[in-house]
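Here it is, the structure in full.
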Amino acid sequence: MILFPAIDIRGGKCVRLTQGDYNQEKVYSDAPEKMAQAWQKKGAKFLHVVDLDGAKTGDSMNQSVIKSIAELVNIPVQVGGGIRSIEVIEKYITAGVNRVIIGTAAINHKEFLNEAVSTYGDRIAVSIDARNGFVATDGWTKASNIKATNLVKELESIGVKTIVYTDILKDGMLKGPNFEELQTINEITTMDVIASGGVSTKEDIQRLGDLNMYGAIIGKALYDGTLKFEEALEANSSVS
């Protein structure tokens with residue numbers, strides 16, 4: 001299982017939100033590029049970067065910072081947040097980003113998603129952000145009547161290879177992921193599933209590994225120091 005340290009960027013700074021609430025922000029670093037290099041030094045094999053400004057407004061406002069990250073580290077980087085045009089995808093891919101994550105646009109603009117997948121193949125992932133089993137959009141600010149499980153099946157039929165599944169109510173709460181929902185999602189699809197939201201202990205990582213997750217994104221627990229990345233790697237290596 002791949003462990004992805006999360007680097008959430010807002011206003012050019014590395015921050016964390018609680019349950020996706022833009023009013024509950026904590027700044028961890030003024031230099032996300034240095035944070036990226038630090039995670040690589042600690043043993044990260046892949047980074048998960050989110051443009052929070054982009055997720056909310058649809059404008060990829062932190063592109064220059066993210067480009068710097070991709071250039072400064074020699075590990076793959078996946079990026080999400082506000083990616084709603086082929087032009088933005090092309091900019092990120094050209095800048096050295098390994099995988100681009102489409103969120104809201106995958107739900108609101110299916111023709112865009114189809115074009116992205118047919119053009120870039122497995123370098124496109126889709127993030128499914130769910131609250132009580134239903135998909136939320138626009139930086140988690142809008143609820144929909146789309147069931148997450150239905151969206152999973154639709155994405156697979158389109159040809160998507162990787163999804164990032166976030167349980168919004170678990171995000172930033174340090175109380176563990178929604179294992180039951182993740183297990184359900186993983187069982188109904190052949191896509192690679194990356195778990196996000198609430199991953200905060202070694203036991204969480206071992207359990208996700210036992211569920212055969214492709215990856216797990218770790219955010220607040222690393223930044224608050226309740227879980228050291230070295231411990232996370234150790235827990236991951238112990239999964240059979």
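Can you compute the radius of gyration and Dmax for region 79-215, using only the Cα atoms, both in Å?
Taking only Cα atoms of region 79-215, I get Rg and Dmax of 14.4, 41 Å.
Now, a different point. Rank these for me by crowding, 201, 184, going from fewest to most other beta carbons within 10 Å.
In increasing order of surrounding Cβ atoms, one gets 184, 201.
Mind listing the phi-derived Karplus ³J(HN,Hα) values for region 188-199, rounded to whole Hz, using 6.51, -1.76 and 1.60 with θ = phi - 60°, and x for any glycine or proline?
My calculation for region 188-199 gives 9, 9, 9, 5, 6, 10, 9, 7, 9, x, x, 5 Hz in order.
Which one, 58, 177, 15, projects farthest toward the positive side of the charge dipole computed for region 2-237 from Cβ point charges (K/R +1, D/E -1)?
Sorting the options by dipole projection puts first 15.
Using +1 on the beta carbon of Lys and Arg, -1 on that of Asp and Glu, and nothing else charged, what's the dipole of region 20-86 about the Cα centre, debye to 20? Each step should come with its number before you reach the end.
Details: 8 positive and 8 negative charges, 67 e Å.
Roughly 320 debye for region 20-86.
Peptides 14-21, 38-45: what's the order by average Cβ count within 10 Å, highest mean first? Show your work: numbers first, answer last.
Details: 14-21: 18.4, 38-45: 16.2.
Going by the mean number of other Cβ atoms within 10 Å, highest first, we get 14-21, 38-45.
While we're on this one: With θ set to phi - 60°, apply the Karplus curve 6.51 cos²θ - 1.76 cosθ + 1.60 along region 206-222 and write out the HN-Hα couplings as whole Hz, x wherever there is a Gly or Pro.
4, 5, 5, x, 5, 7, 6, 5, 6, x, 9, 9, 10, x, 4, 4, 5
If you place +1 on the Cβ of every Lys and Arg, -1 on the Cβ of every Asp and Glu, and leave all else neutral, what size is the dipole of region 103-226 about its Cα centre, to the nearest 20 Debye?
180
Between residue 4 and residues 5 or more places away or on another chain, which pairs have amide H atoms under 5 Å apart, with H built 1.01 Å from N, and which residues are they?
Distant-sequence amide H within range of residue 4: 216, 217, 218.
Output the peptides 212-223, 151-162 sorted from most to least packed, where packing is the average of other Cβ atoms within 10 Å over each peptide's residues.
In descending order of packing, they fall as 212-223, 151-162.
Grab the alpha carbons of region 1-86, take their convex hull, and tell me the volume per residue in Å³.
Looking at region 1-86, the number lands at 105 Å³ per residue.
Another question, if that's okay. Read through the labelled values [x] 162; [y] 105; [z] 145 and report the label of the one computed as volume of the Cα convex hull per residue in Å³ from the structure.
[y]
Using the alpha-carbon centroid of each, what span in Å lies between region 72-88 and region 167-240?
22
Here's something else I'd like to know. Can you give the calculated 222 nm mean residue ellipticity of the chain, where each DSSP H run of n ≥ 4 adds -39,500 (n - 2.57) and the sum is split over every residue, rounded to the nearest 500 deg cm²/dmol?
Mean residue ellipticity, 222 nm, calculated: -11000 deg cm²/dmol.
Read the figures in this text as sums done on the coordinates, not as results from a lab. Just so we're clear, the structure is a prediction, and the values are computed from it rather than from any experiment. As a convention, Cβ positions derive from the backbone with ideal geometry for all residues, glycine included, and neighbour counts pool all protein chains shown.
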